[in-house]
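Input: a single structure, listed below in structure tokens.
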Amino acid sequence: MFSLIEATIGGILMGGLYGFIAVSLSLIFGVAKIVNFAHGALLMVAMFFVYWILLLLKIDPYLAALLAAAFLFFFGYFFQNFFIEPILKREKETAPLTVILLTSGLMLMLENIALLLFGADYRMVKTSYTGKSWSVGGMMIIQPRMIGFLLSLILVFLLELYLRKTNLGRAIRATSQDREAARLMGIDDYRVYKIVFGIGTTMLGFAGSFLSPFYYIHPAIGEIFVLKSFVIVVLGGLGSISGALLAGIIVGVIESLGAQFMNSAMTESLIFIIFIAFLVVKPTGLLGKRRE
Amino acid sequence: MAWKRNLPCLALLIAILFPIFVRDPYFLHAAIMILFSAYLASSWNIIGGLAGQHSFGHSAFLGIGAYSSTLLLLYLNIPPFLGMILGGMIASLVSVGIGYPCFKLRGPYFALSTLAFTEIFRIVVTTTETIGGIDLRGAAGILIPLRKGNSFLNFQFADKTFYYYIILAMLFLILFIYKRMEKSRLGIFLSAIRDNEEAARSLGISATRYKMIALIVSGFFGATAGTFYAQFFLYIEPILFSSALSIEILLVAIVGGAGTLTGPLIGALMLTPVSEMTRAYLGGTYAGVQLILYGAILVAVMMFAPQGIVPPLSRRYRSLFERRA
Amino acid sequence: MAFFVIQGLHKHFGGLVAVRDFSMTIERGEIVGLIGPNGAGKTTLFNVITGFHSPQRGQILFKSKNLVGLGPDKICQLGIVRTFQIVMPFQTLTVLDNAKVAAFCRTRSHEEATQSSMEILEFLGLKDKIHLPAGNLTLSQKKKLEMARALATQPEVLLLDETLAGLNATEIEGMVETVRKIRAEKGVAIVAVEHVMRAVMKISDRIVVMDQGQKIAEGPPQEVVRNPEVIKAYLGEEYGPA
């Protein structure tokens, strides 16, 4: 019983981070309608960035978060500007598949360049709090997970504020609901996509620094995260930030509890099965906005 | 300008004579890989190109074919050529199970769901050691016992030339079938569904039924490729089910031109040498380099020629042809 | 037996009611103009009739068979077909193949499909374009192709959704004539959603007016146009060349 509660808490913490990453994808997928298969690879870039910053400049990952966020912002901006936007502008002839394949190609490149440069070894960022846990009521709560979880929630809260209170935030929400109408109201939707992509990758920069103290780093981890993120975005409902968070936590808990009863690979397939079931039965997800 | 019209015949002639003039086993192997890749991509082309349903889960069929014929061989002594057909039928059956939920979805959601399916298969095969007494060997994979000499019964040939002509015949067959399908009532329906599913349905076409037919055919041939693979390399592993492999397969068709007859072949002619050469020169140390190039080619094609190489080329080819005629 | 009867149709999307308690009949071979301000629910009505949406309440009886719950392909096979507001040709197929796709609704044979397609394409003046890819046609040609496709299914009821949108005055005249010819020679009942008033008045036997999902008036064109309810619904709005 005890270990179940511990596992559940661990799952919630991890799930919060999953949700955070999913929110960044939800912005890009939901607002800009870009199916970004390179999302996980970008996270991987962030994690390696944090790793090397620690190794070379001895800056702690949490402090380096802002650096990582800035780096990923520019990286993402470059990405969007050079590769994705020209394709979006050819709108009439662009099949959704084109963007999927484009980002798949970018994913292949990023992953394998990383493999070439850094090798296939699993790395870990080692800090004073890596592997340490707090004891709460006799249960072990892993410190970096807790910190990452709390920081993620704060950032998502700030994001929500931004989207609701600022002009740009409103423009983003308008564009995500109805692109044509937003355009008619004078909103430059291409600028919105650029910004949204930038926000999304910036969030990945933060996520990279939150994950690195306790998650292993490897060129191929992007693959796991990208699939999981899409699953979470769909489960949570496209266009819903709280939905993505909630779904992320649910997935985290399923993973964590599942690991108690079956091997981790099977929990992954369980999640995929739930994913397919949702797609068929309730494609709008748990909290998604309905579209006819 | 008769020779331009006979280009396909010329190509076929070259293909048939190739092993007679080129004896270097390395080149023969590379040629077999090109034809194999073209065959596999052509099987995807039926569902992904003709029907326009971009499946990201095609490797599932490859894996099902490879594992089916291999297990049938090892446990029931069924000759691989027969196992190929049976594997194809099993894949067709499974494709109905995949199609039923996935075809309710559109665009990226369809792609994601097919991807999820093949990942599920990969995970199940990787983590399962035995099912009902049948040993899947999990991640270790299955080795097919080597039989010496050349034998059609065993579908194993010491002389690789046999493999070459078999895959050449298979490729010819699938291209022939594709061409017939394109012009048939089924093909026209699939093209209509691809171009505009809503309009097609409003004109009396049961989109789900025809998409399913396309998937069944596509799955059958994808699985036969799996058997060829198994009998050629004599080793199969769960990675055959991976989504990354699915992407590689459709990449070949897309780069060449999805929905065209020769697209997958052209794509294979372009991409396979890339992977063979990087493998030869850089070997195991730099295993990922070929994928960097694949990724770069994919990005370049999507940015500059999203229809693939064949459509703009065939327009040029046709206009050249028409001007002189 | 009544030909085509819609009874008490009600369709809402979440909180938005698109079609409210709508009833209407169509007689064999008549041309009914369906008009109303934007957002009145006309296209939704078409979508429900052709099976793209399911109504929450109501019946659609075509020759006594209830269409509610059937898919678009079944409904087409039964004899009801529509055209789309934004033309949807099959871009990669030729004009002829576009029509054949529809013709295959009635036959499995390539010869028969080609023959009936050629007939209809000729009827609509597209004979010399048959081998062109559909994507290469002009807008008014695409609209004709849209109509040809619909006719190739040999329908008894043809639903036209804003066929005249985007056409110039001459093209509109041509299309009006075409619609007249279709009714005259094929005996098809036609329901035409239109905003071009002049055309609707000329061609309709009867007009039905929708506003906010409801039928607010019905009758011969001259009567409807003087109906105060109708005038109120349209007050302050202008439509195309009138």
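The values are calculated or read from the model by the stated rules, or taken from the named source; none is laboratory data. Computed from a prediction, not measured in an experiment: that's the story for all the values here. As a convention, Cβ positions derive from the backbone with ideal geometry for all residues, glycine included, and neighbour counts pool all protein chains shown.
Here is how the numbers come out for the structure above:
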quantity	calculated
Residue C:47 being of a type outside the set (Asp, Glu) and surrounded by 15 or more Cβ atoms within 10 Å (Cβ to Cβ)	yes
Out of C:83, C:153, sole residue that is out of contact with any Cys (no Cβ under 9 Å at 6 or more places or on another chain) and closer than 27 Å to residue B:51 by Cα	C:83
Subset of the stretch B:58-100 (residues that are within 24 Å of residue B:258 (Cα to Cα) and either within 11 Å of chain A (Cβ to nearest Cβ) or surrounded by fewer than 16 Cβ atoms within 10 Å (Cβ to Cβ) (or both))	B:96, B:98, B:100
Wholly within the stretch C:5-81, strands (runs of 3 or more DSSP E) carrying at least 1 residues that are in contact with a His (Cβ under 8 Å, 6 or more places away or on another chain) and either within 23 Å of residue C:221 (Cα to Cα) or within 14 Å of chain B (Cβ to nearest Cβ) (or both)	C:16-26, C:31-35
Any pair with Cβ under 6 angstrom, 6 or more apart, that starts in the stretch A:52-71 at a residue that is closer than 16 Å to residue A:42 by Cβ and ends at one that is of a type in the set (Val, Ile, Thr)	A:68/A:50; A:69/A:202
Pairs where the first residue, in the stretch C:107-135, is among the hydroxyl-bearing types (Ser, Thr, Tyr) and the second is surrounded by fewer than 16 Cβ atoms within 10 Å (Cβ to Cβ) and part of a helix (DSSP H, G or I), C-beta under 8 Å, 6+ apart	none
Filter result for the condition that a residue is under 26 Å from residue A:267 (Cβ atoms), at pLDDT below 85 and either out of contact with any Gly (no Cβ under 6 Å at 6 or more places or on another chain) or more than 14 Å from chain A (Cβ to nearest Cβ) (or both), over B:116, B:139	B:139
Members of the stretch A:187-240 that are under 17 Å from residue A:34 (Cβ atoms), of a type in the set (Gly, Ala, Ser) and in a helix (DSSP H, G or I)	A:198, A:200, A:222, A:229
Enumeration of residues in the stretch C:69-91 that are more than 24 Å from residue C:107 (Cβ to Cβ) and surrounded by fewer than 18 Cβ atoms within 10 Å (Cβ to Cβ)	C:69, C:85, C:86, C:91
Filtered residues of the stretch B:242-273 (kept if among the hydroxyl-bearing types (Ser, Thr, Tyr) and within 14 Å of another protein chain (Cβ to nearest Cβ))	B:242, B:243, B:246, B:260
Test: residue in the stretch A:75-97 that is farther than 29 Å from residue A:260 by Cα, away from chain B (no Cβ under 14 Å) and within 13 Å of the chain's Cα centre (by Cα)	no
Lone unmet requirement of (1) of a type in the set (Val, Ile, Thr); (2) more than 16 Å from residue A:113 (Cα to Cα); (3) at the interface with another protein chain (Cβ under 10 Å from one of its Cβ atoms) for residue B:299	(2)
Qualifying positions in the stretch B:182-206 - surrounded by fewer than 20 Cβ atoms within 10 Å (Cβ to Cβ) and either among the aliphatic types (A, V, I, L, M) or touching a helix residue (DSSP H, G or I) at 6+ places or on another chain (Cβ under 6 Å) (or both)	B:186, B:197, B:206
Qualifying residue in the stretch A:50-59 (condition: farther than 17 Å from residue A:198 by Cα and touching a strand residue (DSSP E or B) at 6+ places or on another chain (Cβ under 7 Å))	yes
Residue C:95 within 23 Å of residue B:205 (Cα to Cα) and touching a residue at least 40 places away in the same chain (Cβ under 8 Å)	yes
In the stretch B:124-136, the residues that are touching a residue at least 24 places away in the same chain (Cβ under 8 Å) and either more than 7 Å from chain A (Cβ to nearest Cβ) or surrounded by 23 or more Cβ atoms within 10 Å (Cβ to Cβ) (or both)	B:125, B:134, B:136
